[in-house]
Amino acid sequence: MKIENIKNIIDDGFNAELVETAIFTGLLEIPLIKNPSEFIIPKGMIPFTECNKSETHEEFVCFYEHDLCFRDILTATKEQIAKLKQFKGVISPDCSLYYDMPLVLQMTNTYLNRQVGHYLQTQGLNVIPNVRWGDERTYTRILPDEPPFAFLGLEKHGIYSLGTYGCCKSAEYKHHMREGLRSFIKEINPKIILVYGAMPDSIFGEFKKDVQFVHFDNWTKLQHNKGGKQNG
C-alpha cells in the first residue's frame with residue numbers, strides 16, 4: 001500500500017502540517033506564537049460558540065469556555081479559518097490545565113494552544129497568545145536556562161490574554177493565580193495583558209504598576225448588561 005493511502009486511513013492526531021513552518025522552543029519543543037507587528041487591543045471578545053451572534057464582527061474570537069465547546073478548532077483547525085477571518089483577530093485556544101490532570105497532559109494542552117495559534121498566524125490572522133497555568137509545577141522552572149513550560153512558545157515583551165473563570169474560587173486557586181502571574185511577568189515581561197472575567201485587586205493589584213491590564217467582562221455578563229462597556 002502506498003504511503004499516501006496509509007495516511008488517509010490512519011490519523012495519528014498530531015496534525016503535523018499545522019507546524020510545518022514553526023519555531024520550536026524549549027526542551028518540550030513547544031511551537032512559537034510570534035508577537036504581532038502591531039499590538040491591537042480588541043474592542044471586545046466573543047466566545048467561539050457565540051460567533052454567529054456577533055453584529056459587527058469587530059471582536060476577537062476567544063475560547064474561554066469548556067474545552068468540548070471548541071474541540072473543532074483543535075481537531076479541524078483548517079475548516080475554521082473562513083469563520084475566524086470574519087473577525088478582527090483571535091485569542092489562541094484556552095486548553096485546560098487542571099491541577100489534578102497528569103502533568104504530561106498539561107504539557108500537551110500547552111502545545112495545542114501554541115500549535116493552533118501558530119497556524120492561525122500563518123493564515124494571516126491577528127493572534128494574541130492565551131496564557132494558562134495551573135499549580136506551581138506549571139509556572140516554576142524545571143530547567144535553569146528556560147522558562148516554565150506554561151510560558152514556552154511565547155516571545156517576550158508582547159500582548160497576551162488570560163481567562164480567570166474558575167481561577168478565583170478558593171484561597172488555593174487565588175494563590176496559584178497570583179503566583180503564576182508573578183512568574184509570568186518575571187519570565188516574559190509582558191507589555192499588555194488582557195483579562196477576560198473577574199479581575200480581583202487581591203490578585204492583580206500589585207502588578208498594575210508593571211503591566212498594562214485591559215479588563216473584559218465575560219460574554220454572559222455582557223448579554224445581561226448590553227449598555228455596559230466591555231473593556232475598561
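Quick notes on this structure:
- Over 27 Å (Cα to Cα) - which of 83/186; 34/85; 34/88; 174/208 fall in this group: 83/186
- Cα-based radius of gyration for the chain, normalised by 2.2 N^0.38 Å, reads 1.01.
- As a fraction of the 1.4 Å probe accessible area of the range 160-212, surface on carbon and sulfur atoms comes out at 50 percent.
- Residue 206 versus residue 174: modelled label distance in nm, points set 7 Å from Cα along the beta carbon direction: 1.3
- Accessible-area composition of the range 28-154, carbon plus sulfur, in percent [1.4 Å probe]: 52
- Solution diffusion estimate, µm²/s, Stokes-Einstein, the range 75-118, Kirkwood Rh from C-alpha pairs, 10 °C, viscosity 1.306 mPa s: 135
- Estimated 222 nm signal from helices in the chain, with DSSP H stretches of n ≥ 4 weighted -39500 (n - 2.57), rounded to 500: -8000 deg cm²/dmol
- Solution diffusion estimate, µm²/s, Stokes-Einstein, the range 105-161, Kirkwood Rh from C-alpha pairs, 25 °C, viscosity 0.890 mPa s: 203
- The reciprocal of the average 1/r between distinct C-alpha atoms defines the Kirkwood hydrodynamic radius, which for the range 129-213 equals 12.9 Å.
- Accessible area per residue for the chain is 52 Å², calculated with a 1.4 Å probe on protein heavy atoms, without ligands, DNA or RNA.
- Among 76-82, 135-141, the peptide with the highest mean count of other Cβ atoms within 10 Å heads the list, and the full ranking is 135-141, 76-82.
- With eigenvalues of the C-alpha gyration tensor scaled by 5 and rooted, the range 22-159, Å: 25, 17, 13
- Peptides ranked, highest mean first, by Cβ atoms within 10 Å: ranges 37-44, 87-94: 87-94, 37-44
The values are calculated or read from the model by the stated rules, or taken from the named source; none is laboratory data. Nothing here was measured: the structure is a model prediction, and the numbers come from that model. Note that we place each Cβ from the backbone using ideal geometry, even for glycine, and neighbour counts take in every protein chain shown. Note: accessible area is taken over every heavy atom of the protein model, side chains too, but ligands, DNA and RNA are not part of it. Shrake-Rupley method; radii C 1.70, N 1.55, O 1.52, S 1.80 Å.
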